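The structure appears right after this line, and notes come after that.
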Amino acid sequence: MRIIILMGKIKVLYLVLLLGMLITVPVGVIVLKNPTIPIMYRAGILGFIALWTGLMSFVIYRSRKSFEKVRNIKEIISISENEISFLKPLRAEVGYFDAYAYWSSSGKSSHYHVFKSFLRESEEAVTSFKLETKPFLLSIAQDGTGDIYLPGIRILNDEYKDVVILYAKPSYEVRFPLESFVVSANGDFVEARIEEIENGFRISVSANLSKARRAKVELVSRRKRVVKQLIGDTKNIGVFEKEFLNEPLIILGYYDQVSPLGILKGGKFGRIIAGHGKFILRLALDIPFRPDIKEEIEFEVAPKAEATSWGL
């Protein structure tokens with residue numbers, strides 16, 4: 001079992017505030033002592049400095065309070081292989097945490113956008129909840145772009161308000177519509193044969209290339225954001241395996257602090273595509289100075305049906 005606790009780093013915020021003060025305080029002193037600067041401009045500059053300092057102080061205060069809630073919840077929970085229990089009853093929303101994120105650029109700066117919601121299925125008093133085999137998705141590129149869709153709870157008690165406990169319990173049934181598919185162009189030919197394995201699939205590639213540099217196999221997730229993962233590449237023959245997440249995952253954090261990038265860093269994933277839903281398997285010829293020539297098949301991954309035993 002892998003447990004990710006998203007706490008953030010208050011020291012970084014304090015460092016930003018300190019550096020800002022080291023810059024803005026001397027500027028403020030210079031502005032006040034310079035009688036040639038009109039009063040209106042001096043008031044504007046000093047107002048901006050005061051506003052920036054106030055906002056940073058508020059951000060630090062909010063961050064400290066949220067991280068304290070996460071620390072407090074750690075003291076009253078117990079995690080086992082199939083259940084999370086609490087030392088006292090808590091009011092909580094039960095449902096799904098749904099989020100996606102991407103980067104945008106404006107001039108020399110970049111901004112990370114995160115859109116999230118908690119999809120409530122019920123509200124109840126809980127002393128424990130089981131880690132059930134439910135659909136989930138972790139689809140996150142190396143830069144934090146991607147989607148997360150995880151079952152869990154959002155706590156409502158004031159002392160722990162907006163702390164979320166999310167989880168993924170791996171169980172996969174992979175369904176491919178074809179056993180093999182091919183790509184050919186200008187004398188180049190590549191065939192991929194697909195075999196289901198536990199927690200994923202195996203691809204056997206056979207290529208005969210003259211103009212293409214290589215044949216490659218990619219896994220593509222297309223929910224709200226597109227995330228690609230190279231499964232393998234070869235110039236002739238290759239066998240590649242894609243194994244989804246194969247151990248239970250628990251994520252504990254404050255609602256506002258949970259994001260695809262946070263989970264990527266907290267779990268020390270390089271990138272990750274794992275879970276359930278519809279995916280694309282892409283077979284492509286890498287042609288120099290030209291777009292890839294490719295074929296794609298859509299396949300589905302669902303939670304594996306649990307075996308039922310019958311007795312008399």
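Overview of results
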{"item": "Scan of region 271-288 for residues that are over 20 Å from Lys169 (Cα atoms), open to solvent by 10 Å² or more (accessible area, probe 1.4 Å) and not acidic (Asp, Glu), ordered by number", "result": "Ile280, Arg282, Ile287, Pro288"}
{"item": "Residue within region 289-301 that is in contact with a helix residue (DSSP H, G or I) (Cβ under 8 Å, 6 or more places away or on another chain), at pLDDT below 95, open to solvent by 10 Å² or more (accessible area, probe 1.4 Å) and of a type outside the set (A, V, I, L, M, F, W, C) present", "result": "no"}
{"item": "Hits in region 110-150 (condition: of a type in the set (D, E, K, R), within 23 Å of Ile3 (Cβ to Cβ) and surrounded by 15 or more Cβ atoms within 10 Å (Cβ to Cβ))", "result": "Lys116, Lys134, Asp147"}
{"item": "Entirely in region 197-312, the strands (runs of 3 or more DSSP E) that have 2 or more residues that are within 15 Å of Phe176 (Cα to Cα) and over 23 Å from the mean Cα position of the chain (by Cα)", "result": "200-208, 293-302"}
{"item": "Residues of region 189-214 classified as open to solvent by less than 10 Å² (accessible area, probe 1.4 Å) and either polar (S, T, N, Q) or in contact with a Ser or Thr (Cβ under 6 Å, 6 or more places away or on another chain) (or both), total", "result": "1"}
{"item": "Given (1) over 24 Å from Met1 (Cβ atoms); (2) within 30 Å of the chain's Cα centre (by Cα), number of the condition Lys169 does not satisfy", "result": "(1)"}
{"item": "Qualifying residues in region 89-109 (those that are open to solvent by 80 Å² or more (accessible area, probe 1.4 Å) and either among the basic types (Lys, Arg) or under 21 Å from the mean Cα position of the chain (by Cα) (or both)) - the one modelled with the lowest pLDDT", "result": "Lys108"}
{"item": "Selection count where residues are within 25 Å of Pro303 (Cα to Cα) and surrounded by fewer than 17 Cβ atoms within 10 Å (Cβ to Cβ), scope region 229-247", "result": "5"}
{"item": "Test: residue in region 123-136 that is touching a residue at least 24 places away in the same chain (Cβ under 8 Å) and touching a Gly at 6+ places or on another chain (Cβ under 6 Å)", "result": "yes"}
{"item": "Count - residues of region 178-188 that are open to solvent by 60 Å² or more (accessible area, probe 1.4 Å) and either of a type in the set (Phe, Trp, Tyr) or not in a loop (DSSP other than H, G, I, E, B) (or both)", "result": "2"}
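The values are calculated or read from the model by the stated rules, or taken from the named source; none is laboratory data. Only a predicted model underlies this, so the values are computations on that prediction, with no experimental measurement involved. Don't worry about glycine lacking a Cβ; one is built from the backbone with ideal geometry, like all the others, and counts go over all protein chains shown. Side chains are part of the model used for accessible areas, which takes the heavy atoms of the whole protein and leaves out ligands, DNA and RNA. Shrake-Rupley method; radii C 1.70, N 1.55, O 1.52, S 1.80 Å.
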